[in-house]
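Report on the following structure.
The values are calculated or read from the model by the stated rules, or taken from the named source; none is laboratory data. Because the structure is predicted, anything quoted here is derived from the model rather than measured. Here the Cβ is made from the backbone with ideal geometry for all residues, glycine too, and neighbour counts use every protein chain on show.
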Amino acid sequence: MADIVQIMDFAADDTAPEFMVGPHYFKCAPDIPLSLAQQIAQFKQFKETLEESGSMEPLLALFDQLLDEESAALFRDCVAKRIIGIKRIMRIIPWILEEYGLGHPTQPSSPSSPGSNDGGTGPTSQGGAFPAALALGGSR
């Protein structure tokens, strides 16, 4: 009897995230470049830079890399026409990060599982929480 070997094909999941803002449709790149990881990790600094400089350029440059070429141009146009503003951008980014598996815009899990009465400390996993480096800061 031959052993069955399972092979994981990582090329099989190249589905690009897609989203809409009103009638405008945006398609993300199927994957993000590794060079973008550092920018994403420093996103909180992007927010601070935006607040200090008043310039949207750091965020627009981020979307230039997250979106396909046509969608990036449309995104810039929507920002210029004030169809998309900072409030909407701050909702879109966590969603995109979640789609790429880089974070999850939910609060950390409670210290114990629901219904647990064992007095233990509960799970230590951060489950669906944003990694600290990806936290967007601010209140929701």
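Return a yes/no flag: does region 59-77 have any residue that is exposed (fewer than 14 other Cβ atoms within 10 Å of the Cβ) and closer than 13 Å to residue 21 by Cα.
Within region 59-77, one or more residues are exposed (fewer than 14 other Cβ atoms within 10 Å of the Cβ) and closer than 13 Å to residue 21 by Cα.
Looking only at region 79-101, decide whether some residue is touching an Asp or Glu at 6+ places or on another chain (Cβ under 7 Å), modelled with pLDDT of 80 or more and closer than 16 Å to residue 17 by Cβ.
Residues of region 79-101 that are touching an Asp or Glu at 6+ places or on another chain (Cβ under 7 Å), as a first pass: none.
No, every residue in region 79-101 fails to be touching an Asp or Glu at 6+ places or on another chain (Cβ under 7 Å), modelled with pLDDT of 80 or more and closer than 16 Å to residue 17 by Cβ.
Tally the residues that are under 17 Å from residue 32 (Cα atoms), more than 15 Å from the chain's Cα centre (by Cα) and part of a helix (DSSP H, G or I), restricting the search to region 62-74.
Let us first name the residues in region 62-74 that are under 17 Å from residue 32 (Cα atoms), namely 62-72.
This time we only want the ones that are more than 15 Å from the chain's Cα centre (by Cα), so: 68-72.
Of the ones still in play, those that are also part of a helix (DSSP H, G or I) are 69-72.
Summing the residues that are under 17 Å from residue 32 (Cα atoms), more than 15 Å from the chain's Cα centre (by Cα) and part of a helix (DSSP H, G or I) in region 62-74 gives 4.
Among the residues of region 14-44, what is the count of those that are modelled with pLDDT under 70 and surrounded by 12 or more Cβ atoms within 10 Å (Cβ to Cβ)?
Looking only at region 14-44, we keep the residues that are modelled with pLDDT under 70, and these are 37-39, 41-44.
The next check asks that each one be surrounded by 12 or more Cβ atoms within 10 Å (Cβ to Cβ); those that pass are 37, 39, 41-44.
Counting residues in region 14-44 that are modelled with pLDDT under 70 and surrounded by 12 or more Cβ atoms within 10 Å (Cβ to Cβ) gives 6.
Would you point out the residue of region 75-95, among those that are assigned to a loop (DSSP other than H, G, I, E, B) and among the hydrophobic types (A, V, I, L, M, F, W, C), that is farthest from residue 36 (Cα to Cα)? Spell out how you get there, then give the answer.
Our first condition is that a residue be assigned to a loop (DSSP other than H, G, I, E, B); within region 75-95, this holds for 81-85.
If we keep only those that are among the hydrophobic types (A, V, I, L, M, F, W, C) too, we end up with 83-84.
On the way: 83: 25, 84: 22 Å.
Out of the qualifying residues, it is 83.
With respect to residue 11, is the statement that it is exposed (fewer than 15 other Cβ atoms within 10 Å of the Cβ), outside any loop (DSSP other than H, G, I, E, B), among the hydrophobic types (A, V, I, L, M, F, W, C) and modelled with pLDDT under 90 true? Show your work before the answer.
Working: exposed (fewer than 15 other Cβ atoms within 10 Å of the Cβ): yes; outside any loop (DSSP other than H, G, I, E, B): yes; among the hydrophobic types (A, V, I, L, M, F, W, C): yes; modelled with pLDDT under 90: yes.
Answer is yes for this residue.
Criterion first (surrounded by 13 or more Cβ atoms within 10 Å (Cβ to Cβ), part of a helix (DSSP H, G or I) and out of contact with any helix residue (DSSP H, G or I) (no Cβ under 8 Å at 6 or more places or on another chain)) does residue 98 satisfy it? Step through it out loud before you land on a result.
On the way: surrounded by 13 or more Cβ atoms within 10 Å (Cβ to Cβ): yes; part of a helix (DSSP H, G or I): yes; out of contact with any helix residue (DSSP H, G or I) (no Cβ under 8 Å at 6 or more places or on another chain): yes.
Taking the combined requirement at face value, the residue satisfies it.
Do you know which of the residues in region 49-69 that are among the charged types (D, E, K, R) and at pLDDT below 90 is nearest to residue 25 (Cα to Cα)?
First, the residues of region 49-69 that are among the charged types (D, E, K, R): 51-52, 57, 64, 68-69.
Checking the rest, the ones that are also at pLDDT below 90 come to 51-52, 57.
On the way: 51: 27, 52: 30, 57: 21 Å.
Within region 49-69, the match that is nearest to residue 25 (Cα to Cα) is 57.
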